[in-house]
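Chemist: First, the structure itself, so that you have it in front of you.
The values are calculated or read from the model by the stated rules, or taken from the named source; none is laboratory data. Note that the structure is a prediction, hence the values are computed from the model and not measured. Please note: Cβ atoms are built from the backbone with ideal geometry, for glycine as well, and neighbour counts cover all protein chains shown. Accessible surface is based on the protein model in full, side chains and every heavy atom, while ligands, DNA and RNA are left aside. Shrake-Rupley method; radii C 1.70, N 1.55, O 1.52, S 1.80 Å.
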Amino acid sequence: TFEASAKSLEANGLRFDGAIEQQTNVRSYLTDLAPLHLCNFVVKNGQFGVTPALPFSNSGAIDPSAVNIPIQAFFTSANIVDGTFELTFLDASERQNFKALVSYRVMEKNAIPSSQLVLARWADYDSSQDPQELFDVTSFCSSKAQAEKIARYMLSLRRRVDHMVTFQTSPEQLNLQPGQYIKLSTSSAPTGASTLGVISYDNGDVVAPMGIENGVRE
């Protein structure tokens, strides 16, 4: 995973231009640092690793047009252990759109380093009321282009990641590894106010807000 991540970082111009000055916990440090390099920190067979968080081409560059993402496993009710599936949505505060403010370091010859700010927001709606969130990457980022990538990635995470699932499966699926892509298909039949109805006492007709067609209902 380190080899694939190094190739991706090099191709996308993502570097660590800094120093680790104090003793720190490796696990917590990499958990915070990996997303700021568009990567995921993973634990595989008890060993720490880093994997690219986005699909990339053969050269390692991020590939926005990647539509044929390799799917390693497909999960349905057939290979999910009954009673183990859980769906959890993130809090509303964690899904609110925001404006990303990234602070990066500017290096000039024979001058004291200074910091600059990059502001990124979604252009498809009015974000004037959205709060700003600051990401201080001056300790390792000295590139404006890298700061812009970090800002866009953080905006995309907030908009697209809104829930998580947990489940248990059969041992046959143990060939999966952290960072691989899976597909999940579940079915449900929720009951809402629009699907409820009453039976008329006079003629036995079913009266419902949206209407109910003839047929068998489970």
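Chemist: Could you identify which residue out of A53, A111, A120 has the top mean-square fluctuation in a GNM of the chain using Cα springs shorter than 10 Å?
Modeler: A111
Chemist: Regarding region 1-51, what are the three Cα extents along the principal axes, ordered largest first, in Å?
Modeler: 29, 29, 15
Chemist: Under the rule of -39500 (n - 2.57) per DSSP H run of 4 or more residues, summed and divided by the residues of the chain, what mean residue ellipticity at 222 nm is obtained, to the nearest 500 deg cm²/dmol? Present the calculation step by step, with values, prior to reporting the outcome.
Modeler: Working: 4 runs with 39 residues, N = 218.
The helix-only estimate for the chain comes to -5000 deg cm²/dmol at 222 nm.
Chemist: Near S59, within a Cβ-to-Cβ distance under 13 Å, what is the net charge of the other residues, with Lys and Arg +1 and Asp and Glu -1?
Modeler: -1
Chemist: Carbon and sulfur together cover what percent of the accessible area of the chain at a 1.4 Å probe radius?
Modeler: Working: 8020 of 15690 Å².
That fraction is 51 percent.
Chemist: For region 41-101 and region 139-185, compute the distance between their C-alpha centroids and round to whole Å.
Modeler: When both Cα centres are located, 4 Å separates them.
Chemist: Same structure, new question: For the chain, count all C-alpha to C-alpha pairs, find those more than 26 Å apart, and express that count as a whole percent of the total. Walk me through the intermediate numbers first.
Modeler: Values: 13177 of 23653 pairs.
Considering the chain, 56 percent of its Cα-Cα pairs are separated by more than 26 Å.
Chemist: What whole-number volume per residue, in cubic angstrom, does the convex hull of the C-alpha atoms of region 93-134 give? Display every interim value, and only then the final one.
Modeler: Values: hull volume 3.3 nm³, N = 42.
So the per-residue Cα hull volume is 80 Å³.
Chemist: Which value, in nm² and rounded to one decimal, describes the direction-averaged projected area of the C-alpha convex hull of region 68-121? It would help to have the intermediate numbers written out before the result.
Modeler: Working: hull surface 35.4 nm².
The directionally averaged projection comes out at 8.8 nm².
Chemist: Which residue fluctuates the most in the chain, going by a Gaussian network model with Cα springs under 10 Å, if the choices are D162, D205, D124?
Modeler: D205
Chemist: Against the longest principal axis of the chain, how steep is helix 144-160, in degrees 0 to 90 to the nearest 10, with axes from Cα atoms?
Modeler: For 144-160 against the chain, the angle is about 10 degrees.
Chemist: Further question: What residue among T138, T24, T169 has the largest mean-square fluctuation in a Gaussian network model of the chain, using Cα springs under 10 Å?
Modeler: T24
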